[in-house]
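Visitor: Please see the structure below; I have some questions.
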Amino acid sequence: MNYILRLVALCTTLLIGSCQRPALSQHQRTIDNDELVSILTELHLADAEAGANKLTDAAIAANPTTEYSRVFDKHHTTSAAFKETMAYYSDHPDELVKIYDEVIERLTAMQGAPQR
């Protein structure tokens, strides 16, 4: 009987220990929030200009002649750092919503500003 109680206690301990929530993300946020807002704003403007209206992996490819590459160069980052940062935010959607709120604010302000 004592053996059974010890076995049940051990199984219970192992079961409870295995129920801990794993880390949400293996990815790192390599681009700070303010810089990411600027990058996303410019990428969406580039997409709108090209008529694509969405960010795609093909468009983000590290082709030095693409508008995306020019945006990354301007902000001293790479497509790999951008992808890693976006992978981080895919695991933290609440944070990404805040980033996009700022992007929308900037785009809305640009829309209302006089054209040059």
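The values are calculated or read from the model by the stated rules, or taken from the named source; none is laboratory data. If you're wondering where the values come from, they're calculated on a predicted model, not measured in any experiment. Glycine also receives a Cβ, built like all others from the backbone with ideal geometry; neighbour counts cover every protein chain displayed.
Visitor: Within the range 68-82, which residues are surrounded by 15 or more Cβ atoms within 10 Å (Cβ to Cβ) and in a helix (DSSP H, G or I)?
Guide: Hits for the range 68-82 are Tyr68, Ser69, Val71, Phe72, Ser79, Ala81, Phe82.
Visitor: Can you tell me which residue is farthest from Glu102 (Cα to Cα) among those in the range 29-67 that are exposed (fewer than 11 other Cβ atoms within 10 Å of the Cβ) and modelled with pLDDT of 80 or more?
Guide: Asp32
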